Structure formats: structure tokens, C-alpha cells
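Chemist: Dropping the structure in here first, questions after.
The values are calculated or read from the model by the stated rules, or taken from the named source; none is laboratory data. Not measured: the values here are computed from a predicted model. Counting neighbours? That spans all protein chains shown, and the Cβs are built from the backbone with ideal geometry, glycine included.
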Amino acid sequence: MTDDSPERRLDELLAGYAADLPEPPDADRLVRAVLTRSALAGLPDERPAPGRRHLRYLAALLVAEARLFRVAVPVASALVMALGVVVVTLGTGTGTAAEVLTLIAPIVAAAGVAGAYRSRNEPFAELVDTTPTSPRVLLLVRLTLVLGYDLALALAASAVLAVTAADGDGAAGLDVLVASWLGPMALLSAVSLLAAVRFGPDVALGAAVAVWAVRVSAGTAVLGDGWLARLVLEVWTTSPAVLAASAVAGLLAVAVAGTPGPWGREPGTGRGATHPV
Amino acid sequence: MPGAGSDDDAVLLRAVAGGDAAALSRLYERHAGRLFGYLYRLAGDRMTAEEILQDTMLAVWRSAGRYEGRSTVPTWLFGVARRQAHNRLRTRPSPEPFHDPPDLADAGPGPDELAIAAAGGTPVAAAVDRLPEHHRDVVALVFVAGLPLADVAEVLGIPVGTVKSRLFHARAAVAAELVAQEVSE
């Protein structure tokens with residue numbers, strides 16, 4: 001006995017809906033296409049977790065930025081620092097280890113920081129502008145490189161002097177040596193960076209040298225030993241207030257980086273602009 | 001599809017996760033007919049269905065390692081296929097509207113015949129093609145993919161009761177459409 005109910009008939013018709021379908025593509029052809037597409041697109045599932053990806057990205061940025069630095073800058077920094085170590089080690093009577101490091105380390109770092117801000121008139125600035133990384137991130141990366149390098153240099157010099165000058169007149173522990181330059185280095189670098197983002201690297205270097213000249217003269221007959229000299233010496237020490245002020249100035253500099261300078265243009269673009277942006 | 005076939009599928013999928021292209025080929029051969037039929041019914045044309053099928057197998061190749069065995073392999077495959085179809089078909093432009101239809105007698109096929117031809121050449125296919133998308137999806141998974149209602153519910157992420165309800169309404173709509181076609185003839 002056959003079931004000729006409408007439901008049965010409808011089921012048969014719907015079953016026909018599944019019939020008369022075209023043949024699927026050949027397995028070899030399809031798998032080959034899939035493997036090709038996979039190879040061309042990479043393997044997103046094998047990418048590291050977001051945290052590791054960010055670290056890799058940061059590392060890649062550091063390497064890329066390091067390649068853009070002129071070799072002369074780190075070499076000059078190392079030579080100046082080495083000269084200071086030699087002077088103290090040979091005991092030429094120009095001062096203690098702490099005094100020499102205090103004078104050298106901050107200006108070396110500030111000079112490097114002055115050049116860390118990249119103005120738009122640099123040859124590769126236009127190319128860098130096309131990258132998705134923001135100028136502030138690039139500035140932070142360059143600061144990390146410059147300050148990290150100068151910090152390592154100063155620490156190495158301090159360690160060497162803490163060992164080699166241990167028996168001399170200017171002997172001091174590593175902590176004392178580091179404290180002698182850490183605050184001044186932070187403050188002078190912040191001043192240099194602030195000047196660089198507003199007025200360009202040349203003005204920043206000049207400002208850093210000028211400010212540091214005042215600090216150096218505080219211990220000499222130029223400023224004498226009056227209240228002004230004492231104030232200058234007090235400012236250029238390692239203290240929480242100095243470190244905090246340095247951090248604030250540094251953050252301010254990063255915040256204003258990329259904004260138009262005091263004359264309505266990027267710092268360092270005073271000459272040769274044919275199409276002001 | 002429980003049983004030995006299901007075990008084989010799971011073994012194949014583990015091999016795919018390990019980068020075995022031959023296992024991918026075997027897995028494809030086992031399910032190609034139903035997968036392609038399902039995608040063909042969703043897409044409406046062979047070329048688009050082939051593209052979605054390729055997207056699906058690419059997704060399987062890349063994410064086989066994420067299969068945890070909580071559903072059967074066919075259910076998982078159809079879930080992947082449905083997602084890929086949704087991704088590709090949602091960006092498809094809607095058909096061009098008619099402009100200035102010619103006011104002339106035409107000896108060619110009428111709208112119904114064109115709809116039937118576009119939907120696979122049968123009145124049933126044309127009727128299913130006129131269903132709302134969520135009803136068409138259930139019909140394709142039940143009748144073309146041949147999945148049990150529980151698996152359809154899993155693929156669509158809805159309760160089995162909702163699948164039954166959609167299927168009931170889809171069948172009623174198809175029956176009404178077929179009756180209307182017979183009356184008009």
C-alpha cells in the first residue's frame with residue numbers, strides 16, 4: 001500500500017531538491033588551490049599570541065630604527081665616555097670619578113637625544129611618513145635606543161671606574177657614581193628633547209650645551225660659590241624631584257611631537273619648503 | 001554521522017591538523033558531494049559555490065587543530081561551510097532592478113520560468129529559492145546535506161525545536177508555492 005498523502009509527495013519533491021546537483025570540483029585541483037592560497041596568505045593560526053606579537057613588532061621597530069642611526073653618533077658617544085674613564089684612571093688630577101662622569105654622561109646623552117627627533121627635512125622622513133606607525137611611537141623607539149645606549153655606556157664607565165679607581169683619591173662605589181650622573185642625565189636629556197620637538201635638533205643641541213655650560217661653570221670661578229652657584233648645583237643632582245621633573249618634561253615633549261612648531265611648521269623645515277603642509 | 005565513518009573523519013582531521021595534505025584530500029572526497037550541493041543551493045551558481053567550497057577547505061586546512069571533538073566532523077564541516085558562505089554571500093551585490101521594461105510581447109520565458117531555471121531547473125528548487133534565508137538554510141541542511149535535525153541545530157546554533165518549526169514553515173511555504181504554480185498552469 002503506497003502513501004499518496006500531500007506530505008509524502010512534498011517529501012519526495014524536496015528529496016528531488018537534493019538531486020540533480022552538479023559534480024563537485026576534482027579533489028586534486030581543489031586541494032592544490034587550497035595549499036597555494038594558504039602558502040600565499042601565510043599561516044595566521046600559527047602567529048604568536050597578541051602579547052608575543054607586540055613584542056616582535058617592537059623588536060622589529062627597534063632593529064629598523066637602529067639601522068637608520070648614523071654610526072658616527074654612538075661611536076662618538078663611546079669615545080667621549082672612554083676618554084673620561086681614561087682621564088680618571090690615569091689620575092691626571094682633573095677630578096674624581098664622580099665629578100668626571102657627572103660632567104660627561106649628561107651631555108653625551110643630551111646630544112644623542114637632540115638628534116633622536118626626526119624632522120621632516122630628513123631624506124627618509126617622507127618614506128617613514130607612509131608607514132602605519134605613528135611618529136610618537138617612532139620617537140619613543142628612538143629615545144629608547146639612544147637613552148638605552150647612553151645609559152649602558154654610563155653604567156659601564158661607572159662600573160669600570162668603581163673597580164679601577166677603588167684605591168685612588170677619587171674612589172667611590174658604583175651606587176655613588178651612578179647617583180652622580182643619573183639625575184643630571186635625565187633632566188638634560190628631557191630639556192634637549194623638549195627643545196628638539198619644538199625647535200629642531202640643532203637648537204636642541206645648542207640649548208643642551210648652553211644649559212650644561214652653566215652647570216659646569218657652577219663649580220668654577222665664573223659663577224663663584226654664591227646662592228646662584230648653589231642653586232645650580234642643587235638642581236643638577238639625582239633626586240626624586242629632578243627625576244619627576246625630567247619625566248614630566250619628557251612626556252610633554254612626546255605629546256607635542258609632530259605638532260607644528262612655533263612658526264606654524266615642523267621644526268627644522270625653515271629652508272627650502274616649496275609646499276608647506 | 002556516528003560510527004566508523006565518524007572515527008575515520010576524526011583521524012583524517014587530526015592528520016590535516018598535522019599538515020597532511022593527502023588527509024585533506026581524503027576528507028574532501030568523503031564530503032565533497034554534500035558540501036558542494038549545500039553550497040550550490042545556498043549560492044545559486046556553480047562558480048560562487050566552488051569559491052566558497054575552496055574557502056571552506058582552506059579554513060579547514062588552517063583551523064583543523066581547533067577541532068575538539070565536541071561535534072561530529074560533518075557537523076563541524078558544515079558549520080565552517082555555512083560561515084564561509086555567509087562571509088562571501090553577504091558582500092554579493094543584490095540583483096540589478098529592472099529599468100524600463102519593454103512594453104512588447106515576448107515569446108521568451110516568463111518570470112516563473114526564469115526563476116525556475118535560475119534555481120536549478122525544478123519548480124521545487126524555485127519555491128525553495130523564494131523562501132526567507134533562515135528557512136532556506138534549514139531546508140538545504142536537512143535535504144541536501146542530509147544532516148539530522150540535532151546536527152542542523154548545532155550548525156545553526158539554535159534549539160532543535162526552532163529547527164523543527166522552521167522546517168514546518170518552510171515545507172508549508174513550498175507546498176503553497178507549488179500549489180499556486182499548478183493552479184496558474
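Chemist: Taking the condition of being surrounded by fewer than 20 Cβ atoms within 10 Å (Cβ to Cβ) and of a type in the set (A, V, I, L, M), how many residues in segment B:162-176 meet it?
Modeler: Final tally of qualifying residues: 5.
Chemist: Condition first: part of a helix (DSSP H, G or I) and either farther than 19 Å from B:Leu147 by Cβ or more than 9 Å from chain A (Cβ to nearest Cβ) (or both). Now tell me which residues in segment B:57-72 satisfy that.
Modeler: Answer for segment B:57-72, where residues must be part of a helix (DSSP H, G or I) and either farther than 19 Å from B:Leu147 by Cβ or more than 9 Å from chain A (Cβ to nearest Cβ) (or both): B:Leu58, B:Ala59, B:Trp61, B:Arg62, B:Ser63, B:Ala64, B:Gly65, B:Arg66.
Chemist: Just to verify a result, which residue in segment A:212-227, among those that are part of a loop (DSSP other than H, G, I, E, B) and modelled with pLDDT of 75 or more, is farthest from the chain's Cα centre (by Cα)?
Modeler: Restricting to residues being part of a loop (DSSP other than H, G, I, E, B) and modelled with pLDDT of 75 or more, the top hit is A:Gly226.
Chemist: Only one residue in A:Leu68, A:Leu35, A:Leu21, A:Leu61 is under 30 Å from A:Tyr117 (Cα atoms), at pLDDT 80 or above, hydrophobic (A, V, I, L, M, F, W, C) and surrounded by 11 or more Cβ atoms within 10 Å (Cβ to Cβ), so which one is that?
Modeler: When all the criteria are applied, what remains is A:Leu61.
Chemist: Scan A:Val235, A:Val209 and give me the residue that is β-branched (Val, Ile, Thr), at pLDDT 90 or above and closer than 22 Å to A:Ala97 by Cα.
Modeler: Residue meeting the stated conditions: A:Val209.
Chemist: Determine whether segment B:19-26 contains at least one residue that is of a type outside the set (D, E, K, R), crowded, with 20+ Cβ neighbours inside 10 Å and closer than 15 Å to B:Gly79 by Cα.
Modeler: No, there is no match, as no residue in segment B:19-26 is of a type outside the set (D, E, K, R), crowded, with 20+ Cβ neighbours inside 10 Å and closer than 15 Å to B:Gly79 by Cα.
Chemist: Here's something else I'd like to know. Is it true that B:Val144 is touching a Phe, Trp or Tyr at 6+ places or on another chain (Cβ under 8 Å) and either free of Cβ contacts under 8 Å to residues at least 40 places away in the same chain or under 14 Å from A:Leu13 (Cα atoms) (or both)?
Modeler: yes
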